[in-house]
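Since the structure comes first, as C-alpha cells, the remarks are kept for the end.
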Amino acid sequence: MAGSSRKEPGLIALMREDARAALARDPDAASMRDIVLFSTGTHIVWAHRRHHWLYTHGFKTLARWLAKRMRVRMGADIHPAATIGRRFSIDHGIGVVIGGTAVIGDDCLLYQGVTLGMTTKKMGGKRHPTLGNNVLVGANATILGNICVGDNARVGAGAVVVDEVPRDTTVAGVPARVVRNRSLHFVELDEKPEDVRWSCAL
C-alpha cells in the first residue's frame with residue numbers, strides 16, 4: 001500500500017520515471033519526444049512534482065501559488081501537499097482534482113475529470129482518499145473521504161466511491177459497487193465486466 005517507509009528517488013529521477021510510464025501507457029505517443037512536447041497529463045504530473053518538492057522543503061506559499069497557476073493554465077487542481085508515488089500518469093489531465101491529504105501509491109493511472117476529495121469540512125487530519133499501488137481510476141470518477149482503494153483496484157468511469165475498495169476488485173456505478181473480483185473470479189452484478197468504461201476520450 002501507499003505511504004510505506006522507503007527511500008525515494010530524487011525529483012529528476014521521479015520525473016523521468018513518470019515520462020517512461022506515460023510513454024508505455026499512451027498508444028498515441030510514438031516516442032519520448034511526443035510525451036515531452038504533447039502530453040498534458042505528464043506536464044501536470046511534473047508540475048506537481050516540483051510543487052510538492054517546494055512544499056516539503058519549506059516553500060509552502062510559493063508551492064501553493066504555483067499550484068494555483070497550474071490550475072488556470074492546465075485545468076488541474078492538485079494540492080502541493082498531496083503525496084504521489086512513482087510512475088504516476090494522468091491521461092488527458094483536464095479537470096483532475098486531488099486534495100492535500102490524498103496519498104497515491106506507485107504505478108497508478110488517473111483519467112480526466114477524476115476527483116480525490118473530502119466529504120466534510122473537518123479541519124486537520126486525513127480527509128482525502130488513499131490509493132494503493134497499480135490503481136486505475138476512470139474518467140470523471142469521484143472518490144471521497146478518508147477511505148482506501150486497495151492495490152490493483154479499478155474504478156469505472158463516472159463512479160462515485162465513498163466506501164473502502166478491496167484490492168484486486170473493480171467497482172463501478174453510483175454509488176460504486178463491486179462488479180469484478182479478480183482474485184475470486186466472480187461478478188457480483190448482472191452487468192458484464194467488459195461493460196465497465198474507463199475513459200470517454202478517443
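Every read-out reported here was derived from the displayed coordinates using simple, explicitly stated rules and does not represent laboratory data. The shown structure was predicted, so the numbers you read here are calculated from the model rather than taken from an experiment. Because the Cβ atoms are built from the backbone with ideal geometry, glycine has one as well, and the counts that use them run over all protein chains shown.
Among what's in the stretch 97-136 and is among the small types (Gly, Ala, Ser) and over 23 Å from Glu8 (Cα atoms), pick the residue that is surrounded by the most Cβ atoms within 10 Å (Cβ to Cβ).
Top of the filtered list is Gly113.
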Subset of the stretch 120-158 [closer than 17 Å to Arg177 by Cβ and without any contact (Cβ under 8 Å) to a residue 24 or more places away in the chain]: Ile147, Val149, Ala153, Val155
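Report, by residue number, each residue of the stretch 25-40 that is in a helix (DSSP H, G or I) and under 19 Å from Gly95 (Cα atoms).
The answer is Phe38, Thr40.
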Within the stretch 105-142, work out how many residues are more than 10 Å from the chain's Cα centre (by Cα), in a strand (DSSP E or B) and not polar (S, T, N, Q). 1
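Regarding Val174, is this residue surrounded by fewer than 20 Cβ atoms within 10 Å (Cβ to Cβ) and more than 25 Å from Gly100 (Cβ to Cβ)? So that I can check it myself, show each step before the final result.
Details: surrounded by fewer than 20 Cβ atoms within 10 Å (Cβ to Cβ): yes; more than 25 Å from Gly100 (Cβ to Cβ): yes.
Judged against the criteria, Val174 is a match.
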Restricted to the stretch 65-96 and to residues being touching a residue at least 40 places away in the same chain (Cβ under 8 Å), over 14 Å from Thr40 (Cβ atoms) and of a type in the set (Gly, Ala, Ser), the residue surrounded by the fewest Cβ atoms within 10 Å (Cβ to Cβ) is Ala82
